[in-house]
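Visitor: Sharing a structure below in structure tokens format, with a few things to ask.
The values are calculated or read from the model by the stated rules, or taken from the named source; none is laboratory data. On a predicted model such as this, the values are computed, not experimentally measured, just so you know. Cβ sites come from the backbone with ideal geometry, for glycine too, and all protein chains shown count toward neighbours.
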């Protein structure tokens, strides 16, 4: 078998991947339509209704959230790693509009007509993007035929420039005409927002026929992208901070949880945040705030404020964001955006400059932070990457940092035995990319996370699969692994552990082996919280989202990571302190009669 298509345990998934990788070797545009048959045949757990004539609203919502809102106008998708890949082919992407998808951090540019440029960081982006485009086109075309019905055509003809939400009767009419439940119509209306009517009209006008071209896709191209990423970090830090000379705690999480816990910005803004939700009519949030106050700590106030802060910053303009960034910079937190390649933010946090009075109180109830100003260590936090990008990014870090003190990873995963919002802690990871099974000492256990959870469970001693993509899974694939005791499905742990292997062993990671990493000279910690339960038919993040339910596991895992870093760093600083004699006495002692 071609090594570009790892074994998945499902012939249908492997056939699908082999089909699109063979097509991508072409220097000309390929049509997504050629992938529809093999896409349907794999029976993806995220596209459960692909073969059915009625729309699969969950798959359409999932794809819509992870593609930019200009997709109804897009017929041509260009894929590359860095700006030069596009510019050398005559596509001035730097002059095109930046567009964003709500549910996927991927740099995309739109030419204002029909072309979308997509930046990728690894092969995993291809395994994510192509099935998503295929699912989007399949569901678009189902709706195209259903929207030809006279009752719907007349309704849309009367809805020019409409912004008002659907009435109850209109929801019932559309649900009946489009062969979908009423709640799915309402979900599409929420996801598409002001574009709801224009999207339906675009679907009614024409079928979707997406063409795609891969401009560059060699391993060297991916590595050039990560080299550029690291160069931008070094340039942003300049002479003020050389990461080669600093002990580093590497964290892969998100761009908000660590800085919220360390900066105390939300806690200091409590009165403004509550006034904000009151002025915006968020009655549900006001009710939750009242419950927090009444229950006296059963629900965490800080978690609630962090959740509200995100909404507040989105609605309050540049001034509020500038104030937050200024407070962060004052305590040694620097945000560094990737400007010329794939979309990823990096945060460099100097532990010596943190203000103990601003820290979330959960980070250390009885710590003596008097030693912290003596620390030379930094936290290097990167925005959680996708799949194999994790391997490329951590490899670049380990090549450029001389003293790595820990690798800590927090992210979402699917659970086969838990519930949405639970936290899973694995010490065995099977990586579908390398076919390796990694055994390692996860530095976290349930007792590190459980004290900060009220609603969800914490399941440690789990076994995880690092899959090839969110769509590249089906029920048979999951059942095989579940039979072997694997209960967590995610995408990054295996690639990260492949990079860890190369950081501690004198060779490239192996293929199809059982790999023991228990002797690693630094912390290895993985924490995942459940975002969906794929063994439930049609139940995925297209059918719902974590929203406020995701706050507790996000911050429980973030607290556990920072507590571990703080404890390790304070212990490291204590060991560096000079040892003083208990009773110092520098006087010359008299000799006894023997001359001793």
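Visitor: Please enumerate the residues belonging to the range 152-169 that are part of a helix (DSSP H, G or I) and either under 15 Å from residue 201 (Cβ atoms) or in contact (Cβ under 8 Å) with a residue 40 or more places away in the chain (or both).
Guide: 152, 153, 154, 155, 156, 157
Visitor: Here's a follow-up. So, of the residues in the range 361-415 that are assigned to a loop (DSSP other than H, G, I, E, B) and free of Cβ contacts under 8 Å to residues at least 24 places away in the same chain, which turns out to be nearest to the chain's Cα centre (by Cα)?
Guide: Among residues in the range 361-415 that are assigned to a loop (DSSP other than H, G, I, E, B) and free of Cβ contacts under 8 Å to residues at least 24 places away in the same chain, the one nearest to the chain's Cα centre (by Cα) is 365.
Visitor: Also: Are there any strands (runs of 3 or more DSSP E) wholly within the range 30-113 with 1 or more residues that are under 20 Å from the mean Cα position of the chain (by Cα), and if so which? Break it down into steps so the answer makes sense when it comes.
Guide: On the way: elements: 76-80, 97-101, 104-110.
The qualifying strands (runs of 3 or more DSSP E) are 97-101, 104-110.
Visitor: Now a separate question. Is at least one residue of the range 508-515 touching a residue at least 60 places away in the same chain (Cβ under 8 Å), over 20 Å from the mean Cα position of the chain (by Cα) and under 29 Å from residue 565 (Cβ atoms)? Let's see the steps before the verdict.
Guide: Start the filter on the range 508-515 by keeping residues that are touching a residue at least 60 places away in the same chain (Cβ under 8 Å), which leaves 509-515.
Narrowing the set further to residues that are over 20 Å from the mean Cα position of the chain (by Cα) leaves 509-515.
Next, from what is left, pick out any that are under 29 Å from residue 565 (Cβ atoms): 509, 515.
The answer is yes; a qualifying residue exists.
Visitor: Do you know which residues across the range 398-435 are more than 30 Å from residue 454 (Cα to Cα) and crowded, with 22+ Cβ neighbours inside 10 Å?
Guide: 431, 432, 433, 434
For (1) surrounded by fewer than 21 Cβ atoms within 10 Å (Cβ to Cβ); (2) in contact with a strand residue (DSSP E or B) (Cβ under 7 Å, 6 or more places away or on another chain); (3) at pLDDT 95 or above, each residue gets a yes or a no:
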site	(1), (2), (3)
112	yes, yes, yes
117	no, yes, yes
136	no, no, yes
150	yes, no, no
153	yes, no, no
163	yes, no, no
176	yes, no, yes
191	no, no, no
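Visitor: Being at pLDDT below 95 and either surrounded by 21 or more Cβ atoms within 10 Å (Cβ to Cβ) or touching a helix residue (DSSP H, G or I) at 6+ places or on another chain (Cβ under 8 Å) (or both) is the filter here; which residues of the range 376-386 pass it?
Guide: 385, 386
Visitor: Residues in the range 60-78: is at least one surrounded by fewer than 22 Cβ atoms within 10 Å (Cβ to Cβ), closer than 26 Å to residue 226 by Cα and free of Cβ contacts under 8 Å to residues at least 40 places away in the same chain?
Guide: no
Visitor: Would it be correct to say that residue 95 is out of contact with any strand residue (DSSP E or B) (no Cβ under 8 Å at 6 or more places or on another chain), at pLDDT 95 or above and either within 28 Å of residue 223 (Cβ to Cβ) or not assigned by TED's automatic domain parsing to the domain that holds residue 76 (or both)?
Guide: For residue 95, the condition - out of contact with any strand residue (DSSP E or B) (no Cβ under 8 Å at 6 or more places or on another chain), at pLDDT 95 or above and either within 28 Å of residue 223 (Cβ to Cβ) or not assigned by TED's automatic domain parsing to the domain that holds residue 76 (or both) - is met.
Residues checked against (1) in contact (Cβ under 8 Å) with a residue 40 or more places away in the chain; (2) more than 25 Å from the chain's Cα centre (by Cα):
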site	(1), (2)
257	yes, no
265	yes, no
271	no, yes
290	no, yes
294	no, yes
331	yes, yes
359	yes, no
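Visitor: Test residue 320 against the criterion of being within 30 Å of residue 99 (Cβ to Cβ), in a helix (DSSP H, G or I), in contact with a helix residue (DSSP H, G or I) (Cβ under 8 Å, 6 or more places away or on another chain) and in the same structural domain as residue 407 (by TED's automatic domain parsing), and give yes or no. Talk me through it step by step, then tell me what you get.
Guide: Details: within 30 Å of residue 99 (Cβ to Cβ): yes; in a helix (DSSP H, G or I): yes; in contact with a helix residue (DSSP H, G or I) (Cβ under 8 Å, 6 or more places away or on another chain): yes; in the same structural domain as residue 407 (by TED's automatic domain parsing): no.
Answer is no for this residue.
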